[in-house]
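J.: Here you go, one structure.
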Amino acid sequence: MALHSPKHSDAIIFLSNDSSLGKLKPQKRLQLVFRAIYFVAFLTKKKIGRNTLILSQLLRNPSIVIEIESINDHKEEELFHGINKEALAKLVREKDFNGLLQFGGVRQIEEILGSDQKSGLRMNENDLQQRKKTFGSNIYEKPPAKSFLSFVLEAFKDTTIIILLVCAVFSLGFGIKQHGPKEGWYDGGSIIVAVVLVLAVSSISNFKQSRQFMKLSDESKDIKVEVVRDGRRQEVSIFEIVVGDVVCLKIGDQIAADGLFLDGHSLQVDESSMTGESDHVQINKTQNPFLVCGTKVMDGYGHMLVTSVGTNNAWGQMMSNITDDKNEETPLQHRLNKLTKYIGSVGLLVAFLVLLTLLIRYFTGHSEDDNGHQEFIGSKTKAGDIMNSLVRIIAAAVTIIVVAIPEGLPLAVTLTLAYSMRRMMLDHAMVRKLSACETMGSATTICTDKTGTLTLNQMQVTEFCLGTDMIMTTSQIAPEVLELLQEAAGLNTTGEVYTSPSGPPEISGGPTEKAILSWAMTSLLVNFNELNREHRILHVEVFNSQKKRSGLLVIKNSTGKVYTHWKGAAEMILAMCSTYYVKGGIIAPIDHEERKELELKIKYMASKSLRCIAFACKESNPQSQILEETELTLLGLVGLKDPCRPGVKEAVESCRAAGVSIKMITGDNVFTAKSIAFECGILQPGEDLNIAVIEGSTFRNYSQEERMEIVERIRVMARSSPFDKLLMVECLKQKGHVVAVTGDGTNDAPALKAADVGLSMGIQGTEVAKESSDIVILDDNFDTVVTVLKWGRCVYNNIQKFIQFQLTVNVAALVINFVAAASSGEVPLTAVQLLWVNLIMDTLGALALATERPSNELMNKKPVGRTEPLITAVMWRNIIAQALYQVTVLLILQFKGSAIFHVNKKVKDTLIFNTFVFCQIFNEFNARKLEKKNIFHGILKNRLFIGIVGMTILLQVIMVEFLRRFANTERLNWRQWAVCMGISSLSWPIGWIMKCIPVSNK
């Protein structure tokens, strides 16, 4: 029988022979047919009557199979055309279990999406693109970034800028009225151009940094997810996940899309990010198979079928409305803002005094114009002239405020952090929180993991013991024991082995799992496909850092025997055993002597830096669903070697020289921990190991007073739990330490959050750990942690350099203008000139000094800690010396310059301006080194610094020689240029002499 519709012939259902369904009753077969037809029709939004249906031999043939094909032999991807993605998304979003049952359950959805639980999707680019086109990509639209205009408007909100522009407009108006448009626009127009220039540079800088932060934010979100494609696990970008993908989930993963639970064990998720409920939710097939994007896996493992991605799920819709603003104010920026306000208040007071002095001198007839005539002559002076003079006086006072307020300090921090973040990314460290950069520079203690951080995380099984006997080949193992070992190593694992017909087998999972699976395959000769076919797993207990073991209940199909298998930390598994296997397959009891000998064997392995893992088993009741934990039989011990990373010893020594204490916190036993600690240089020969090495349980059971007394002397904590790690961090912080912590597991999250700086691992780290951290170490290398420490110190050091440079300019400019105004009634530096100086020190100076790379000499200093003042005594010494020299020289030029150089007032003022600018350029070199006498060391490595200094000199030449009307300057001859350069260059020997004077650190 065939039903045909000429209008809609794109779908067809074939019913053909299939022996697997032959045993079904006719009613059941019909239910299966119509349920499938209904499901397909619902998803494709088409009525059943409009499809072309061929029900060949429906009533005559008892065997049925349903298959969907294109009548015109269309490509497979055409199946997705018109599927109701909203219906799929709604199932998970509303957790509609009844709706799921109406559709035929998870398996039916898996089939219609063309996926398979075991083999996943095919690696077909056309198919993946079609899925993206039909169901959307796993990305969400972000709110539009702030435009350049918004940064300009923000810059315009500065009160002093507004006052300056108002003064410029008045000056422009009165100037044009008095001197005509051709000559009268210079004063007001020059101020406007200078203000616009300052605003443009500031806005462009902030705009570029904002874009850079956004780029880093996007990189931080591009995480890798394990999916099953072409029958094997492989890592793909979270943005490349498509509907129909089978995603592998393990503890610590953030669920990357909405989906349905396929299989797994003990899977629990934290849905607090979506629901606000803190209780963990159990995921299973029978009651709650719904997995929501944005939630986190807290226990167990499993596989998920992706049903909706991107903005089709609640997480994507929510994230589309959230602006990820990385421009948060850091603690250092907060301190600098307070400093800026304080200096600004001083500048405001000086500006008010200058304004008052100039007004008194003007109205008492003590001020003169450019021709030497008295400016104010009572009622004879025109109102326009009075207003013009008042505007000029007010503009001068406001300009002093602009120069006095060091707006460049916050800008310098932003530039330094942005530059550091970009460079740290190249050094394998991704900054998630800006404040971590500067805080890391103050770190006094680093609490580090062992595996993968101090070691290479490339585990290999190097030793295997059956009881107390070392085993070299499988021929030495009895067949029944070998079979149990194969079960223990091949089934009690979260890893997988994919056997490729063309290439070598691919092993996935954690480093320990991969090492054991590799050993099982090569030494125990496990055939994983056969092993999985012959056994059925009944129950699983997943490994966690509290119990440090994993277990499973498994039944052998051929015999019906049920075994409990445990695998984990050797001493903990041994404590659960009462018997053990020997070479001949005989089970021997573990008495007091035997237990002692086995414990010595474990210690011997650990002393060789081996991680010791034990296997144990017990035959169980077939009706039991509980994993027994007592009276087990020890199957054997394996020793896994994880060699230390090259260069880690030098990195530890570098930290020690820098005054930073390194503490290793590990889950391994005390003997392995000590061996690795000696190898890495954390423990030194001759140290009191009774105090330097401690177990987590011992530390935990101390009183608070006892912990506080010994915490600083601990170097290694073995057999620690995440709670012990958190306890140590809290104790160290109470002692006044700035603590950095490395972690990779979900249970490390509390310690990472509690630390001043949390450092998660980019390779082995779970998404929960990364979310809780401030910096992600992309290569899991302790050497990179030390690099981050160096960068942190560099950020702090660069900010101090800029503070020293800018405060020198502030002090000099304020004193010169105030003294000159009070004594002679005129300000030697005009509004435009002061704005130009402001531009040099705020933007170009920040760029030059804030982009110095970290040097090894930074690691020869002690950490600054929490209480060190931002402006040190050394910095005050340098600031006062340079400011005093600049003030002295410029005041001499102000009062005696015309007589000394036989020049008019205009040339004298140009000499003052030129000398003042070159003093800042030469002093910029002094600021490179706060304490070192050789200010040129490493200068060739910073091309940006050289480029900025060169550009500043070029612009200054243009200002003096070519923009005379704009800058109110006169051309200088080569002798006058030489005088300016010579006077300014004296700041170098003065700086060298001052650095010979010792200064107290207090």
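J.: With every protein chain left in place and a probe of 1.4 Å, what is the accessible surface of residue 937, to the nearest 10 Å²?
T.: Approximately 110 Å² for this residue.
J.: On to the next question. For every helix of n ≥ 4 consecutive DSSP H residues, a contribution of -39,500 (n - 2.57) applies; sum these over the chain, divide by its total residues, and give [θ] at 222 nm rounded to the nearest 500 deg cm²/dmol.
T.: Values: 36 runs with 483 residues, N = 1002.
Rounded to the nearest 500, it is -15500 deg cm²/dmol.
J.: What is the antiparallel percent of DSSP beta bridges lying wholly in the chain, to the nearest 5? Please report the intermediate quantities before stating the final value.
T.: Details: 81 of 106 bridges.
Bridges in the chain that DSSP calls antiparallel: roughly 75 percent.
J.: Kindly list the residues of segment 101-119 that lie in the label zone of residue 134, defined by a backbone N under 14 Å from the point 7 Å along the Cα-to-C-beta vector.
T.: Within reach of a label on residue 134: 109-116.
J.: Wrap a convex hull around the Cα atoms of segment 906-955, take a quarter of its surface area, and give that in square nanometres. Write down the numbers at each step before the final one.
T.: Working: hull surface 16.1 nm².
That works out to 4.0 nm².
J.: For segment 840-942, just run the numbers: alpha carbon Rg, then divide by 2.2 N^0.38 Å, N being how many residues it has. Show your work: numbers first, answer last.
T.: Numbers: Rg = 17.7 Å, N = 103, 2.2 N^0.38 = 12.8 Å.
The value comes to 1.38.
J.: Another question about this same structure. What shape does segment 691-812 take by its C-alpha gyration tensor, where a ≥ b ≥ c are the square roots of the eigenvalues and a/c under 1.5 counts as rounded, a/b above b/c as prolate, and the rest as oblate?
T.: Working: a/c = 2.76, a/b = 1.60, b/c = 1.73.
Oblate shape, in that a/c is at least 1.5 and b/c is the bigger or equal ratio.
J.: Could you sort 988, 519 by their accessible area in this structure, using a 1.4 Å probe and putting the largest first? Mind showing how you got there, number by number?
T.: Numbers: 988 75, 519 25 Å².
Largest to smallest exposure gives the sequence 988, 519.
J.: What longest range of the chain stays clear of loop-exposed GluC sites (Glu not before Pro) (DSSP non-H/G/I/E/B, at most 13 other C-beta within 10 angstrom)?
T.: Values: sites that count: 94, 141, 277, 328, 329, 631, 931.
So the longest stretch without any such site is 330-630.
J.: Another question, then. What translational diffusion coefficient, to the nearest whole µm²/s, does the chain have by Stokes-Einstein, given a Kirkwood radius computed over alpha-carbon pairs, a temperature of 37 °C and 0.692 mPa s viscosity?
T.: My calculation gives 96 µm²/s for D.
J.: Moving on. Ignoring ligands, DNA and RNA, what percent of the 1.4 Å accessible area of the chain is carbon and sulfur? Before the final figure, lay out each step's value.
T.: Working: 25240 of 44670 Å².
Accessible surface attributable to carbon and sulfur in the chain totals 57 percent.
J.: Once both labels are modelled 7 Å past Cα along the beta-carbon direction, what's the residue 700-residue 468 spacing in nm?
T.: Distance between label points: 3.1 nm.
J.: If 608, 224, 433, 618 are ordered by their accessible area, calculated over protein heavy atoms with a 1.4 Å probe, which sequence runs from highest to lowest? Display every interim value, and only then the final one.
T.: Numbers: 608 75, 224 120, 433 95, 618 50 Å².
Heavy-atom accessible area, descending, gives 224, 433, 608, 618.
J.: Sticking with this structure for a sec: Kindly express, to the nearest 10 degrees and within the range 0 to 90, the angle between helix 408-426's C-alpha long axis and the longest C-alpha principal axis of the chain.
T.: For 408-426 against the chain, the angle is about 30 degrees.
J.: About the Cα centre of segment 748-842, what is the dipole size in debye to 20, counting +1 per Lys and Arg Cβ and -1 per Asp and Glu Cβ, all else neutral? Show your work: numbers first, answer last.
T.: Details: 5 positive and 10 negative charges, 81 e Å.
Computed charge dipole of segment 748-842: roughly 400 debye.
J.: With a 1.4 Å probe and every protein chain left in place, work out the accessible area per residue of the chain in Å², rounded to a whole number.
T.: Values: 44670 Å² over 1002 residues.
For the chain, the solvent-accessible area averages 45 Å² per residue.
J.: Next question, about the same structure. Between residue 710 and residue 649, what is the FRET efficiency for a Förster distance of 22 Å, r being their Cβ-Cβ separation, to the nearest 0.05? Can you show the working numbers first?
T.: Values: r = 25 Å, r/R0 = 1.15.
Taking R0 as 22 Å, the efficiency between residue 710 and residue 649 is 0.30.
J.: By how many degrees, 0 to 90 and rounded to 10, does the Cα axis of helix 943-961 deviate from the longest principal axis of the chain?
T.: Computed tilt is about 30 degrees.
J.: Next question, about the same structure. What lysines could a cross-link reach from residue 182, if we take a straight Cα to Cα line under 25 Å and drop same-chain neighbours fewer than 8 places away?
T.: 382, 905, 906
J.: Rounded, prolate or oblate for segment 947-995? Axes are the square roots of the Cα gyration tensor eigenvalues, ordered a ≥ b ≥ c, and the cut-off for rounded is a/c under 1.5. Working shown, then result.
T.: Numbers: a/c = 2.98, a/b = 1.84, b/c = 1.62.
Note, shape of segment 947-995 comes out prolate.
J.: If you count only protein heavy atoms and use a 1.4 Å probe, how large is the accessible surface of residue 644, to the nearest 10 Å²?
T.: 20
J.: Can you give me the three principal axis dimensions of segment 769-886 from its C-alpha atoms, in Å, biggest first?
T.: Here the spans come out as 65, 28, 25 Å, largest first.
The values are calculated or read from the model by the stated rules, or taken from the named source; none is laboratory data. Remember, predicted model here, so these are calculated numbers, not experimental data. In this analysis, Cβ positions are derived from the backbone assuming ideal geometry, glycine residues included, and neighbour counts consider all displayed protein chains. Surface areas here come from the heavy atoms of the whole protein model, side chains and all, with no ligands, DNA or RNA. Shrake-Rupley method; radii C 1.70, N 1.55, O 1.52, S 1.80 Å.
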